[in-house]
Amino acid sequence: MAKILVIHGPNLNLLGEREPAIYGEQTLDDINKMLKDTAAKHQVEVDCFQSNHEGAIVDQIQAARDQYEAVIINAGAYTHYSIAILDALRSFKGPVIEVHLSNIYQRESYRHRSLVSEAATGGIFGLGALSYKLALLGIIEMLNL
Ligand code: CA2
């Protein structure tokens, strides 16, 4: 069974607790459950990983190289400045889909630049939790899973 890795970056563990107007009311557990349910319907497997630490995210991307067909990543604030995460993503051979809950281009100018985009196959932003689901469905279609 094909395996897809979902990576959530810093502070996304707080989803549902604060700033619902920007990030929605769903918790990270809600989003992960929705992704696992969607994956099960398509006979694929999803593993979800969250960390507030840049190095832990780099380690996870490196480990994903031999284990996963594709990566979905919301790198949180690291999106905008982490060259280490960009370099790690460049070493991953399969599709990488960048996801954001909010529309980063409608927000502060420091959120308009994404280093993750430089390594991503494509991206979905601004649709809340639906951004993740569409990323997963996109991978399933792209890889004929
Ligand atoms: O829109 C997104 O998905 C972001 O990746 C979320 C990041 C932000 O730094 C990016 O610019 C855009 C922040 C996630 C913080 O999530 C929180 C959730 C609840 C309460 C506080 C923070």
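The values are calculated or read from the model by the stated rules, or taken from the named source; none is laboratory data. This structure is a prediction, so every number in the text was calculated from the model and none was measured. Cβ placement follows ideal geometry from the backbone for every residue including glycine, while neighbour counts extend to all protein chains displayed.
Give the range 96-116 a look and list any residue that's free of Cβ contacts under 8 Å to residues at least 24 places away in the same chain and either of a type in the set (A, V, I, L, M) or touching a strand residue (DSSP E or B) at 6+ places or on another chain (Cβ under 7 Å) (or both), or say none.
Hit for the range 96-116 is 103, nothing else.
Considering every residue within the range 34-45, establish whether at least one is under 16 Å from residue 136 (Cβ atoms), β-branched (Val, Ile, Thr) and either away from the ligand (no atom under 13 Å from the Cβ) or touching an Asp or Glu at 6+ places or on another chain (Cβ under 8 Å) (or both). Outline the logic, then answer.
Going through the range 34-45, the residues under 16 Å from residue 136 (Cβ atoms) turn out to be 34-45.
If we keep only those that are β-branched (Val, Ile, Thr) as well, we get 38, 44.
Now drop any that are not either away from the ligand (no atom under 13 Å from the Cβ) or touching an Asp or Glu at 6+ places or on another chain (Cβ under 8 Å) (or both), which leaves 38, 44.
Yes, the range 34-45 contains a residue that is under 16 Å from residue 136 (Cβ atoms), β-branched (Val, Ile, Thr) and either away from the ligand (no atom under 13 Å from the Cβ) or touching an Asp or Glu at 6+ places or on another chain (Cβ under 8 Å) (or both).
In this structure, does residue 80 turn out to be surrounded by fewer than 17 Cβ atoms within 10 Å (Cβ to Cβ), within 13 Å of the ligand (Cβ to nearest atom) and under 16 Å from the mean Cα position of the chain (by Cα)? Show your work before the answer.
Values: surrounded by fewer than 17 Cβ atoms within 10 Å (Cβ to Cβ): yes; within 13 Å of the ligand (Cβ to nearest atom): yes; under 16 Å from the mean Cα position of the chain (by Cα): yes.
Yes; evaluated as a whole, the condition is true for this residue.
Residue by residue through the range 105-145, note down the ones that are among the acidic types (Asp, Glu) and more than 10 Å from the ligand (Cβ to nearest atom). Break it down stepwise before answering.
At the first step, the residues of the range 105-145 found to be among the acidic types (Asp, Glu) are 108, 118, 141.
Of everything in the range 105-145, those that are among the acidic types (Asp, Glu) and more than 10 Å from the ligand (Cβ to nearest atom) turn out to be 118, 141.
Which one is farthest from residue 103 (Cα to Cα) among residues in the range 17-43 that are in a loop (DSSP other than H, G, I, E, B) and modelled with pLDDT under 95? Don't jump to the end; show me each part of the working.
Filtering the range 17-43 for residues in a loop (DSSP other than H, G, I, E, B) gives 17-19, 24-27, 42-43.
Now restrict to residues that are modelled with pLDDT under 95: 17-19, 24-25.
Details: 17: 20, 18: 17, 19: 14, 24: 12, 25: 16 Å.
Across the range 17-43, the extreme among qualifying residues is 17.
Name every residue in the range 47-70 that is closer than 21 Å to residue 2 by Cα, small (Gly, Ala, Ser) and in contact (Cβ under 8 Å) with a residue 24 or more places away in the chain, in order of residue number.
Across the range 47-70, the qualifying residues are 64, 70.
Just wondering, is there one or more residues in the range 93-103 that are of a type in the set (A, V, I, L, M, F, W, C), more than 10 Å from the ligand (Cβ to nearest atom) and either over 12 Å from the mean Cα position of the chain (by Cα) or at pLDDT 95 or above (or both)?
Yes; the residues of the range 93-103 include at least one that is of a type in the set (A, V, I, L, M, F, W, C), more than 10 Å from the ligand (Cβ to nearest atom) and either over 12 Å from the mean Cα position of the chain (by Cα) or at pLDDT 95 or above (or both).
Which members of the range 27-80 meet the condition of being touching a strand residue (DSSP E or B) at 6+ places or on another chain (Cβ under 9 Å) and among the β-branched types (Val, Ile, Thr)?
Passing the criteria: 31, 38, 44, 46, 57, 61, 71, 72, 73, 79.
Can you tell me which residue is farthest from residue 67 (Cα to Cα) among those in the range 15-27 that are surrounded by fewer than 20 Cβ atoms within 10 Å (Cβ to Cβ) and in contact (Cβ under 8 Å) with a residue 12 or more places away in the chain?
We begin by selecting, within the range 15-27, every residue surrounded by fewer than 20 Cβ atoms within 10 Å (Cβ to Cβ); these are 16-27.
Next, only the ones that are in contact (Cβ under 8 Å) with a residue 12 or more places away in the chain stay: 16, 22-24, 26-27.
On the way: 16: 30, 22: 33, 23: 30, 24: 31, 26: 28, 27: 27 Å.
Selected residue: 22.
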